[in-house]
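The values are calculated or read from the model by the stated rules, or taken from the named source; none is laboratory data. If you're wondering where the values come from, they're calculated on a predicted model, not measured in any experiment. Cβ sites come from the backbone with ideal geometry, for glycine too, and all protein chains shown count toward neighbours. The area values use the complete protein model at the heavy-atom level, side chains included, leaving out ligands, DNA and RNA. Shrake-Rupley method; radii C 1.70, N 1.55, O 1.52, S 1.80 Å.
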Amino acid sequence: MQSIVLPDSLDISYAAELHALLRDGLEAGEGVELQAAGVSRLDTAGVQLVAAFLHEARARSLPVQLVEPSDVLVSAAERLGLADLIPAATGTF
């Protein structure tokens, strides 16, 4: 399983780089562990990118483990109506 550490600032300025990392994770086809504890600031683009990645991973039946999603990430997902894609609890889905 590939491990990707999400940056502390998950915003549009990092979106292209993160997109490339997430795409590589999908193309490897072996599952991805997203380390999300350090996310302290984000914008809609960052949340949408992570949500799109999680959606695509599920469509490909690839395991994804969201490790310790920060309260900031979970709260933003809830406000954007994406809480079902970014669960508050650590787990594999």
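Remarks
- Within the range 38-93, restricting attention to residues that are on the phi > 0 side of the Ramachandran plot and at pLDDT 85 or above, the residue that is surrounded by the most Cβ atoms within 10 Å (Cβ to Cβ) is E68.
- Tally, over the range 5-19, of residues that are part of a helix (DSSP H, G or I) and of a type in the set (V, I, T): 1
- Matching residues in the range 3-37 - criterion: being open to solvent by 50 Å² or more (accessible area, probe 1.4 Å) and free of Cβ contacts under 8 Å to residues at least 24 places away in the same chain: S13, A16, E17, L21, R23, D24, E27
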